[in-house]
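Read through the structure below, which is laid out as C-alpha cells, and then see the notes.
The values are calculated or read from the model by the stated rules, or taken from the named source; none is laboratory data. Quick caveat, the model's predicted, so the values are computed rather than measured. Quick reminder, even Gly has a Cβ in these numbers, built from the backbone with ideal geometry, and neighbours come from all protein chains shown. Just so you know, the surface numbers come from the protein's heavy atoms only, side chains and all, with ligands and any DNA or RNA stripped out. Shrake-Rupley method; radii C 1.70, N 1.55, O 1.52, S 1.80 Å.
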Amino acid sequence: MQAKNASEYMAADVANVWHHLTLHKGVAPMIVVEGKGLRVKDVNGKEYLDATSGGVWCVNVGYGRDRIADAVCAQMKRMPYYAATCGNLPTIDFAGKILGYMPGLSRVYISNSGSEANEKAYKMVRLRAYNSATKAKKKILYRNRDYHGTTIGALSSTGQPERKECFDPFVPGFVELPHACCYRCAFGQSYPDCGVACAKAVEDVILKEGPDTVGGAIFEPITAGGGVIPPVPEYYKIVADILKKYGVLLIMDEVVCGMGRTGTMFGYQHYGAEPDIVTMAKGVASAYMPISCTVTTEKVFAALQDPSSTLSYFRDISTFGGCAAAATAALENVAIIEEENLLANVKAIGEHLLEGLKELLPHPKVGDVRGKGLLLGVEFVEDKGSKAPLPEAKVVELCGAMAKRGVLVGRTNRSFVGANNVVNLAPAYVVTRDDADLILKVLREAVAEVLG
Ligand SMILES: Cc1ncc(COP(=O)(O)O)c(C=O)c1O
C-alpha cells in the first residue's frame, strides 16, 4: 500500500532525491512503481513498454520474476552475507555455471558494479606488471567512444569527452585508441578498402607508447552507450593478434553485452576473440540484485600469486562481493535464460527490429542504423551529406514523443560534445514480435512528428 498519493511522492522526490545524470529543474522525473515482463507503470498509473530494460539495458529477463525474488528471499533468510574472503554456496554454483559459457577462462572475482569490475581488471594488470621482471607494463589502452564506468579510474579509461568534462585530473597510465565506427571512420576510409585501419592502429599506439609499458587493453565488444557500434567481423581477430604479439592482456568489458544481450552469451563470442579478462555487471542478475564479476584465465590468476613475495596476491576486497543472495539472483537469471531459450528470441526479434529500423534509412535525418541482437541504435543527423549530428535537444524531443505514446527508448546522454544523437533500443529478452512492431510504429510516428 502506498503511504502517500502520487503528487505527494512527486513533491517529496523533488525535495529530497538527487537523480543520476540530471540537471534538476524542480520537476519530478517518471517515478516507476511496478513492472511485469516488458511493461512498467508510473506513479500516476500510466503504463509504458520499456524498450530500454530499465533505462540502462539491464533488466534483461524482464520485470516481475517471482522465482528470482523467492530464491533471493530464501537465501537471505538462510545466510545473507559473509565477506568474500570466505566461500558461500550460491557464489560457488554461479562461478561454475558462468565459466561453462566461457571456454578458456577459469576464475570469477565478484564485486558489485560495472565500474568496480573494471577497476579490478586494471588492478590485475598493474599487479601483473609489478610481479614481472621489468615492472613496467602498467599502461592500459581504451577506445574512443567506449564507456567503462563512473569511478575515477574507470572514467579515466572512458572515451567519452563530455562524460569526463570537469572531473580531471585523471588517473595516469590510460591511453586512447581510435573508435571502430564505420559510419564516422576515424581514418576517413570505407570498409573493406580500409583494411580495418582502426584495428591495425592498436599496434601503432603500442609502438608509440613503448611495448614494454603497455599491459592491457579494454574494449566494449560492441560499444553501447557510445552509440551502439558493432565493429566489423575481423576487428577483434586483428586486435587480439597485435595484443598477443606484445604481451598485452585483452580485457572485454561485457557490462552491457554480457549474459546474452547481443544473441550470444557474451559479445566477444561473435568475433572469435579469446580474452584474458572479462568484466560483466548489468545483466548478471538482470539488476534484481547488484552484482558484477571480473573473470580471468588461469594464467592471469597465477601471475598474481607469487608465494615468494608478501605483496604478490590480489590485495583487493569489495565488501558487498560477499552478498550471497546476489549470486542466487544471478543463478536464477541464467536458469531463466536457458530454460526459456531466450538467446534464440534475442537473435530472432533483434533481426526483426534491425530490419524494421533499416526501413527508416531513406528518411533525410536518419544517418545510420546498427546493432546486434537486442542492442540497437539509430543515428540521427541534421544533414546526410555532412553527417552533422542532430542536436541533442531534438533527440530528447524525439524520445519524449515516443514516451508520450507509451514507449520508452534510450539515447546517448551527455557523452560527446555536440554529438549525442543516437537513439537506443534494448528491450528485455522476452520481447515479442508484436512488441517489436509496436516499438517500430511508435518510432516512425515520433520521427514524423518531430523531424517531419
Ligand atoms: C560498458 C560499460 N562498462 C561499465 C559500466 C559501468 O557500470 P556501473 O554503472 O555498474 O558502474 C557501464 C555502465 O553503463 C557500461 O555501459
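Give the distance, in whole Å, between the Cα centre of the stretch 5-64 and the Cα centre of the stretch 394-452.
17 Å
Pop out the carbon and sulfur fraction of the accessible area of the chain as a percent, whole number, probe 1.4 Å.
Ligands and nucleic acids excluded, carbon and sulfur reach 57 percent.
Accessible area, 1.4 Å probe, largest first: how do HIS24, HIS179, HIS19 sort?
I get HIS24, HIS19, HIS179, largest accessible area first.
Is the shape of the chain rounded, prolate or oblate, going by the alpha carbon gyration tensor and its root eigenvalues a ≥ b ≥ c, with a/c under 1.5 for rounded and a/b larger than b/c for prolate?
oblate
For the chain, what is the calculated [θ] at 222 nm in deg cm²/dmol (nearest 500), taking -39500 (n - 2.57) for each run of four or more DSSP H residues and dividing by its residue count?
It comes out at -10500 deg cm²/dmol, rounded to the nearest 500.
Which trypsin sites (Lys or Arg not before Pro) does the stretch 110-149 hold that lie in a coil by DSSP with at most 12 other beta carbons within 10 Å?
Answer by residue number: LYS135.
Give the ranking of ILE242, ILE31 by solvent-accessible surface, highest area first, calculated with a 1.4 Å probe.
From most accessible down to least: ILE31, ILE242.
Just to confirm, what accessible area per residue do you get for the chain at 1.4 Å probe, in whole Å²?
Solvent-accessible surface per residue comes out at 44 Å².
Using alpha-carbon pairs under 8 Å, 6+ residues apart, how would you state the relative contact order of the stretch 116-161 in percent?
34 percent
Give the long-range amide H neighbours of ARG411: residues separated by 5 or more places, or on another chain, with amide H under 5 Å away, using H modelled in the peptide plane at 1.01 Å from N.
Correct list: ASN424.
Run down the lysines and flag those whose C-alpha is under 21 Å from the C-alpha of LYS384, throwing out any fewer than 8 positions away in its chain.
LYS358, LYS365, LYS394
At 20 °C and a viscosity of 1.002 mPa s, what translational diffusion coefficient does Stokes-Einstein give for the stretch 382-423, taking Rh as the Kirkwood radius over Cα pairs? Give it in µm²/s as a whole number.
199 µm²/s
Given ALA446, CYS73, VAL369, which one lies farthest toward the positive end of the charge dipole of the chain, if we put +1 on the Cβ of every Lys and Arg and -1 on the Cβ of every Asp and Glu?
Value: CYS73.
Dipole of the chain (Lys/Arg Cβ +1, Asp/Glu Cβ -1, origin at the Cα centre): which of ALA133, CYS182, LEU49 lies farthest to the positive side?
ALA133
Counting only protein chains, not ligands or nucleic acids, how are LEU451, LEU311, LEU443 ordered by accessible area (probe 1.4 Å), most first?
LEU311, LEU451, LEU443
With an 8 Å cut-off on Cα pairs and a minimum separation of 6 or more residues, tell me the relative contact order of the chain in percent.
Contact order relative to length: 21 percent.
What accessible area, in Å² to the nearest ten, does a 1.4 Å probe give for LEU155?
10 Å²
About the Cα centre, and with charges only on the beta carbon of Lys, Arg (+1) and Asp, Glu (-1), how big is the dipole of the stretch 68-339? Nearest 20 debye, please.
520 debye
Would you please classify the overall shape of the stretch 394-452 from the alpha carbon gyration tensor, given that a ≥ b ≥ c denote the square roots of the eigenvalues, rounded means a/c under 1.5, and beyond that prolate means a/b larger than b/c while oblate covers the rest?
Oblate, since a/c reaches 1.5 and b/c is not below a/b.
In nm, to one decimal, how far is the modelled label at ALA11 from the one at LYS441, with both set 7 Å along Cα→Cβ?
3.9 nm
Taking 1 over the mean of 1/r across every pair of different Cα atoms in the stretch 40-168, what Kirkwood radius in Å do you get?
With all distinct Cα pairs of the stretch 40-168 included, I get 18.6 Å.
Using a Cα-Cα cut-off of under 18 Å, which aspartates and glutamates could be cross-linked to LYS200, ignoring same-chain neighbours fewer than 8 residues away?
Partners within reach: ASP146, GLU176, GLU209, GLU220, GLU234, ASP241, GLU274.
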